[in-house]
Amino acid sequence: MNSAADNINSLRSLFTADQVIWDPVELMTYEIDAGVDREKPLAVLFPLDTRDVIRAAEWCRDRRVPLVARGSGTGLSGGAVSAKGGLILEFSRMKEIEKIDETSLRACFQPGVIALHFSDTVAEKGLHYPPDPASARSASLGGTVAENAGGPHCLKYGVTTNYVMGMEVVLSDAQCITLGGPALDYPGIDLPGLLTGNEGTLAIITKTTVRLLRKPPAVMTMMAAFDSVDLACAAVSAIVASGIVPATLELMDQKIMEILEAYTHAGLPVQAGAALIIEVDGYSAGLQPQIDQILKIIEPFNAFGLRFTQDEEERAAIWFARKSTAGAMARLAPAYFAVDPTVPRSLLGEALRGMTKKCESRGLRIYFVSHAGDGNLHPHILITDPDDEKLMNHVRETGKLIMQEAVRLGGTISGEHGVGIEKREFMNFMYTPDELSAMRDIKAVFDPQNRFNPGKIFPSAPPDPDLIPQNRILPAVQTIAGKIRTAAESIPPARVFIAGNSMPESLLSPGDICLSIRALDGVISFPPDDMLVVAGAGTSLNSLKAFLKSKNRYLPLVSPWDETTLGGLVAANLNAPLRTRYGGIRDLLLCMTVILPNGRVIDAGKPLIKNVAGYDLAKLFIGSFGCLGMITSVTFKVLAFPKVSVTHSIPVGDPAQAIRVGLSVYQQTLNASAILWIKKKDTLQGNLICTFEGLPEDIQIDGDLLFHVASANHLSKINSVEGNDGSSIWVDWVRSCCDMGPVVKYGVAPGDLLELIGNHPDETASNAALIDIANGCLYLSDDGHACLAQKALQLNGYAIDISKTPPDPNRIFKDRSGTRLSTALKQRWDPSGSFNPCGPLL
């Protein structure tokens, strides 16, 4: 074992003098983040590029020194604190926005870019990056990706993981690989999704590719006061249950408003028991109708003191106040303990009451701000003397009680801040031993020597037997799990096949076990106020959508095949053009229950909009084709039906022209749910199909923009399509072509579609073709296009035959940098390779 002095001298010999800090006084800055946990690192290194990160990883590997990634140090859970000593990588000098692709709506950045700077930069180009944590003025984007940060606008726009598409990472063995990229829905396990929120424990992220949106042209912000927190919470539930999706629903109680007003003088209604900041965005014509409807909804809850911001300056003042909690709290005490549980939205009021009572009964002062729209609370407990160890233990024990209350209500211990050091011991009552074991398996695959950010996420103490959670496992799931466990324990292990509908006899041998998910059929839970649904994996997509329609709720997913089950849809990860408007399966799926190959039953995720406690296990099974486990139930977030859906068809013979027009529509409109070019086999004429869904006022504007773009491209014939929309047209095309033979999907960034087809015009001319322009997908009804597949690879895309499930691994073309990791995890959970061996592992 090398001494600290030897290690420092060795490190200094590898890097320039201004890149390394080792002086004990200077290191004090890096002993702590914005939380309360403190540890002293060995040294701090400022890498200049990925090569420096690789050299640092090699050095730590060879000298057995822990490595901790750090952004701006604004995290609140001790995630960037070097709990085991070691080397901190401080990324403030890797701060380049490497690319902003205004055509494809993509961007790539290094980890040291400041979040607000990035948002402002893309906004200047008319683009929008929604994740906006309160610390955005100083937080680094690398930190927001590592923590899966959210912010006030998650209700409408989602969290960081909903925008991460790809990343360059350095692994613990110092290998640098690229995962994902600028295309959507790469075949196989969603490793970028898994690594988003990993808190630096699995890999060091050196570049991230994200998708962007068009910046909403207009915003309307209002504040409404209420007599009590309970009335404000009830108003939130009523707004969301109505189907309106505001950009923001923020809750402040009277106590927090008093200190924020004293600090910022923003004109907050301090006389009220609580207040909501309500924001809607979009086209200006559609804002007032939304506000009018919200006003009608909150009227029964005695809303008063209605305030509408008159200009951007007034709006900015309100948001400055809302995001100034840290500064305001600093005027009351030298420190505070801030946690971030999330509960089901409908139980927000009960959670606030219960947590307040626990703190006040223990003599502690607590203040709340809440992202009420998604159930995310931010209790702040004042710490009058952070050097008083007795007080600190009292505060931490109270924090534990707050977390237990959140879990009791069906919530999570962390919605935004991460686990870090602060909440690692709470993981024992958040997850079952089997779920924590699954996470530890992932850690062992990525970081077998526990070199990256050790001492985070995982509890160091054994669980309290009285607090171990007990998942409710349905009898049918218990039966299937028993069969899988018996098969795994037999000598030799029996092969287990999972079937959604039927299993070809040719795949089965004597002794094989075939398990159908069809028995796992039906809706399990539908809490309407929380806008989610839980259903068995054997439920058909069509039957679930029929159920939801009867409840006036909408799940924006479709499949070309009527018999598609929910489990099969998730395992295949086949997304329709609706992805443009509503996100893909990975964005709509909140959690699932899975039987692992050894028979263990785990919940992968929680039925919440926000949950960043531990690894995002669900991402392992989306697109896995059943290789890593059997999905038994899924939980999706659901929406209200759009007020209006309008589809237009424009005759366009030239696919290149269709792509140019479609990209222009994609960049300029807000509500497109499909932008397709479709052509039947052996015909010269194709049609550009555009569907818009949303509010009537917004859809009128999108339609006008479409007409303007078409006219500018000398396309004057625009037809209205009745009784059909873009996704239905996609369904019919894919189904009919798959019935006739192979259908290959080529995925690239939307802006690369022209280059993809540019050297291969005959393929789209002579074959049935469909181009999902907004999602960057080309579908061809013939498989003889090896050159096209190679071109897709050169463009950082992929190709896959979608006509069969599971697909032939030899007919999948993609970068396989992450296959080593997927294979290692498969071997850990299924060492004999006997579980669902027909599925491709990618």
Name, by its number, the condition in (1) modelled with pLDDT of 95 or more; (2) farther than 16 Å from Lys255 by Cα; (3) not aromatic (Phe, Trp, Tyr) that does not hold for Met355. (2)
Looking only at the range 655-686, count every residue that is free of Cβ contacts under 8 Å to residues at least 40 places away in the same chain and surrounded by 19 or more Cβ atoms within 10 Å (Cβ to Cβ) and tell me the total. 0
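Within the range 175-191, restricting attention to residues that are in contact (Cβ under 8 Å) with a residue 40 or more places away in the chain and of a type in the set (Gly, Ala, Ser), which residue is surrounded by the most Cβ atoms within 10 Å (Cβ to Cβ)?
Ranking the qualifying residues of the range 175-191, first place goes to Ala183.
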Take Ser509 and decide whether it is open to solvent by less than 80 Å² (accessible area, probe 1.4 Å), among the hydroxyl-bearing types (Ser, Thr, Tyr) and part of a loop (DSSP other than H, G, I, E, B). yes
Which one of these is touching a strand residue (DSSP E or B) at 6+ places or on another chain (Cβ under 8 Å), open to solvent by 40 Å² or more (accessible area, probe 1.4 Å) and not polar (S, T, N, Q): Glu39, Glu58, Glu90, Glu31? Glu39
Restricting attention to the range 574-584, which residues are within 15 Å of the chain's Cα centre (by Cα), surrounded by fewer than 23 Cβ atoms within 10 Å (Cβ to Cβ) and of a type outside the set (Gly, Ala, Ser)? Tyr582
What pairs can you find where one residue is in the range 350-379 and touching a residue at least 60 places away in the same chain (Cβ under 8 Å) and closer than 28 Å to Met531 by Cβ, the other is in a helix (DSSP H, G or I) and among the hydroxyl-bearing types (Ser, Thr, Tyr), and their Cβ atoms are less than 6 Å apart, with a gap of 6+ or different chains? Val369/Thr325
Output the residues belonging to the range 437-477 that are assigned to a helix (DSSP H, G or I), open to solvent by 80 Å² or more (accessible area, probe 1.4 Å) and in contact (Cβ under 8 Å) with a residue 12 or more places away in the chain. Arg440
Specify the residue that is surrounded by the fewest Cβ atoms within 10 Å (Cβ to Cβ); the eligible residues are those in the range 627-654 that are polar (S, T, N, Q) and closer than 25 Å to Glu722 by Cβ. Ser645
The range 512-525 - residue that is over 22 Å from Asn575 (Cα atoms) and open to solvent by less than 20 Å² (accessible area, probe 1.4 Å) and, of those, modelled with the lowest pLDDT: Leu515
Condition (residue is touching a residue at least 24 places away in the same chain (Cβ under 8 Å), β-branched (Val, Ile, Thr) and either in a helix (DSSP H, G or I) or more than 21 Å from Thr580 (Cα to Cα) (or both)) applied to the range 148-159: is it met by at least one residue? no
Could you check the range 478-500 and list, in sequence order, the residues that are open to solvent by 50 Å² or more (accessible area, probe 1.4 Å) and of a type in the set (S, T, N, Q)? Gln478, Thr479, Thr486
Quick check: is even one residue across the range 117-139 part of a strand (DSSP E or B), touching a residue at least 24 places away in the same chain (Cβ under 8 Å) and crowded, with 24+ Cβ neighbours inside 10 Å? no
Filter result for the condition that a residue is in contact (Cβ under 8 Å) with a residue 40 or more places away in the chain, aromatic (Phe, Trp, Tyr) and part of a loop (DSSP other than H, G, I, E, B), over Phe641, Phe636: Phe641
Filter the range 444-481 down to residues that are small (Gly, Ala, Ser) and farther than 22 Å from Lys826 by Cβ, then give me how many there are. 4
Within the range 205-244, work out how many residues are open to solvent by less than 10 Å² (accessible area, probe 1.4 Å) and either small (Gly, Ala, Ser) or within 30 Å of Val68 (Cα to Cα) (or both). 8
Filter result (assigned to a helix (DSSP H, G or I) and open to solvent by 40 Å² or more (accessible area, probe 1.4 Å)) within the range 711-737: Ser711, Ala712, Ser728, Asp732, Arg735, Ser736
With Ile812, Ile773 as the choices, which residue is modelled with pLDDT of 90 or more and within 25 Å of Leu578 (Cβ to Cβ)? Ile773
What's the number of the only condition in (1) at pLDDT below 90; (2) open to solvent by 10 Å² or more (accessible area, probe 1.4 Å) that Gly751 fails to meet? (1)
Got at least one residue in the range 785-799 being at pLDDT 95 or above, in contact with a Ser or Thr (Cβ under 7 Å, 6 or more places away or on another chain) and within 18 Å of Gly181 (Cβ to Cβ)? no
What single numbered condition from (1) open to solvent by 40 Å² or more (accessible area, probe 1.4 Å); (2) at positive phi; (3) of a type outside the set (Ser, Thr, Tyr) fails to hold for Arg408? (2)
Restricting the range 781-802 to residues that are of a type in the set (S, T, N, Q) and either touching a residue at least 24 places away in the same chain (Cβ under 8 Å) or open to solvent by less than 20 Å² (accessible area, probe 1.4 Å) (or both), the residue that is farthest from Arg106 (Cα to Cα): Ser781
Go through the range 526-555 and report how many residues are in a loop (DSSP other than H, G, I, E, B) and either open to solvent by 10 Å² or more (accessible area, probe 1.4 Å) or in contact with a Pro (Cβ under 9 Å, 6 or more places away or on another chain) (or both). 6
Going through the range 530-548 one residue at a time, which ones are within 27 Å of Val236 (Cβ to Cβ) and among the polar types (S, T, N, Q)? none
Given the structure, is Thr593 buried (at least 23 other Cβ atoms within 10 Å of the Cβ) and touching a strand residue (DSSP E or B) at 6+ places or on another chain (Cβ under 7 Å)? yes
Given (1) touching a residue at least 12 places away in the same chain (Cβ under 8 Å); (2) out of contact with any Asp or Glu (no Cβ under 6 Å at 6 or more places or on another chain); (3) aliphatic (A, V, I, L, M), where does Ala247 come up short, assuming only one miss? (2)
Here is a list of conditions, (1) touching a residue at least 12 places away in the same chain (Cβ under 8 Å); (2) in a helix (DSSP H, G or I); (3) aliphatic (A, V, I, L, M); (4) open to solvent by 20 Å² or more (accessible area, probe 1.4 Å), and Leu76 meets all of them except one; can you say which number that is? (2)
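The values are calculated or read from the model by the stated rules, or taken from the named source; none is laboratory data. Predicted, not measured: the structure shown is a model, and the values here were computed from it. Note: ideal-geometry Cβ built from the backbone for every residue, glycine included; neighbour counts use all protein chains shown. Side chains included, ligands, DNA and RNA excluded: accessible areas come from the protein's heavy atoms. Shrake-Rupley method; radii C 1.70, N 1.55, O 1.52, S 1.80 Å.
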